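The values are calculated or read from the model by the stated rules, or taken from the named source; none is laboratory data. Just so it is clear, the model here is predicted, and its values are computed rather than measured. Cβ placement follows ideal geometry from the backbone for every residue including glycine, while neighbour counts extend to all protein chains displayed. Areas reflect the complete protein model, heavy atoms only, side chains present, ligands, DNA and RNA absent. Shrake-Rupley method; radii C 1.70, N 1.55, O 1.52, S 1.80 Å.
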Amino acid sequence: MIQAARRLDSVQEYYFATKLREVRNLLNSGKPIINVGIGNPDLLPPDHVLPALAAALQELKAHGYQSYLGLPELRNAMARFYYKQYQVALNSESEIITLMGSKEGILHISMAFLNPGDQVLIPDPGYPTYASATDLCEAIPITYDLTASNEWLPDFEALEKLDLNKVKIMWTNYPHMPTGAAGSRDVFEKLIAFARKHQILLVNDNPYSCVGYENKISIHQVPGSKEVALELNSISKTYNMAGWRVGMLTGKAEVLKEVLKVKTNMDSGMFYGLQKGAIAALETNNNWLESQNNIYKKRRTLIVELAKSLGLQPQEQTGGLFVWCKLPEGQQDDEVFVDRLLYEMNIFIAPGSIFGKNGAGYVRFSLCVNEEQIKEMIVRVFNKAEV
């Protein structure tokens, strides 16, 4: 029996990979499961995206290897996107790397900068991949608390009390997943100052800022951010193109060159057609984004009604693809709540504890289901005994 590498001892299969198999088995057995557990957009990309992809397939150069850096016109489109949405100027030649989804960027950054024994600051609650990428690099994840009492923002006094001598990277994520906390330029300024003071590479993961938030924020809106910070972004949520796996990493050229040393050994360029479709998406008029956000706003109102009918306490938020809710008074085990909802009402939601200890006692609903399905869930709750 060939033994797996020791580095795998510290990571588990991603929660949703495991849980969705269970959900599929229930569906296959005839259960009418409605999945509001994951942020998988159910709407179509902008109308002009698919024709751009289809037209690209007829070009002779479409089916060969592509540049590791991505098409120059894609990086130009990404730079224009940053200027249009955030009023941030980026050099498309040196300050942008195209990614096959921003998730791969998390591991690429970790591999580029972490040695065994280095420490990494990770938000709790936060995206589980930050910790698993750290573990795979044999570095040490150090969580920092985000709590409801502090509006899910970093406690800088608590951060300053930590032993930061071995900290190499700090992950941050505003607008925040899973809580939906919007963040602000003020928070970014404090994060930049903290990272500069302690010589830490700060990475903001920013895939949700164009989904429902009135103020679209980027860490690069802070002057001098590129000296200490990188930012991940994606077309997945913004343009309903999660399966396309197109993302971007932005920051200082010298830092990005180190990430490229990893990336160029991991892939052989992104498919040409996907790049041309992504260009079309990034050039979409903001009126389209507003129409999408109106759809999500209506869904959010219904999800809040659903959550309240279950005795949950939804958090006030305006953007993102989720509704974050505190469990009913007297209940603490979010995984038990989730399983009871799944098996008694055929509704799947995400337990907050998978995002860290500070997520315990919370659950998360996705907005990636249509209004009819949300209304059906509300009917199921009212026709069923209390969960």
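Here are a few things to note about the model shown:
- Global dimensions of segment 56-211 from alpha-carbon coordinates: Rg and Dmax equal 17.5, 59 Å.
- Restricting attention to the chain, close to 45% of DSSP beta bridges with both partner residues there are antiparallel.
- When you restrict to C-alpha pairs under 8 Å that are six or more residues apart and normalise by the size of the chain, the relative contact order lands at 24 percent.
- Calculated [θ] (222 nm, deg cm²/dmol) that DSSP helices of n ≥ 4 give over the chain, each run adding -39,500 (n - 2.57): -12000 deg cm²/dmol
- Most simply put, segment 177-310 has about 50% antiparallel DSSP beta bridges, counting only bridges with both residues inside it.
- By accessible area with a 1.4 Å probe, ligands and nucleic acids excluded, highest first: order of V379, V120: V379, V120
- Karplus 3J(HN,Hα) series, Hz, for segment 101-108 with 6.51 cos²θ - 1.76 cosθ + 1.60 (x for Gly, Pro): x, 5, 4, 5, x, 4, 6, 4
- Accessible-area value, D9, 1.4 Å probe, nucleic acids and ligands omitted, Å²: 120 Å²
- Database remark: amide H of I142 closer than 5 angstrom to the amide H of V120, L121, I122 (H placed geometrically; neighbours at sequence offset of 5 or more, or on other chains; Pro and chain starts carry no H).
- Selection among P45, S102, N206 by position relative to the dipole of the chain gives P45 as farthest towards the positive end (Cβ unit charges, Cα centre).
- Computed on segment 219-319, with alpha-carbon pairs under 8 angstrom and 6+ residues apart, the relative contact order is 18 percent.
- When L230, L260 are compared by accessible area of protein heavy atoms, the largest-first order is L260, L230, using a 1.4 Å probe.
- Exposure check, 1.4 Å probe, all protein chains in place: W288 carries approximately 50 Å² of accessible surface.
- Ordered by solvent-accessible area of protein heavy atoms (1.4 Å probe), largest first, the residues M270, M100 come out as M100, M270.
- Segment Q332-S309, extension gain: residue separation times 0.36 nm, minus the distance between their alpha carbons: 6.5 nm
- Distance between the C-alpha centres of segment 241-280 and segment 21-93: 12 Å, rounded to the whole angstrom.
- Considering only T129, L114, F81, and ranking their Cα positions along the charge dipole of segment 80-224 that arises from unit charges at the beta-carbon of Lys, Arg, Asp and Glu, the one farthest toward the positive end is F81.
- Under 12 Å from the E227 label point (7 Å along Cα→beta-carbon), backbone N, segment 161-199: 192-199
- Where GluC sites (Glu not before Pro) fall in DSSP loop in segment 259-344, at most 11 other Cβ within 10 Å: E316, E329
- Here the Debye sum runs over all C-alpha atoms of the chain as equal scatterers in vacuum, and log10 of I(q)/I(0) at q = 0.14, 0.15 Å⁻¹ comes out as -1.32, -1.47.
- Heavy atoms of H48 accessible to a 1.4 Å probe, total area in Å² rounded to 10: 80 Å²
- The spread of Cα positions in segment 261-381, taken along each principal axis and listed from longest to shortest, comes to 52, 37, 25 Å.
- Long-range amide H partners of N206 with built H, under 5 Å: L232, N233
- Given R0 = 35 Å, the distance between the Cβ atoms of K197 and K357 translates into a calculated FRET efficiency of 0.85.
- If the segment from K190 to K261 were pulled out straight at 0.36 nm per residue, it would be longer than the present Cα-Cα gap by 22.5 nm.
- Cα point-scatterer Debye curve for segment 24-88, base-10 log of I(q)/I(0) at q = 0.24, 0.25 Å⁻¹: -1.15, -1.18
- Here the dipole of segment 1-155 is about 540 debye; that uses its Cα centre as origin and unit charges on the Cβ of Lys and Arg (positive) and Asp and Glu (negative).
- Each label was represented as a point 7 Å from its Cα along the Cα-to-Cβ direction; for N28 and K297 these points are 4.2 nm apart.
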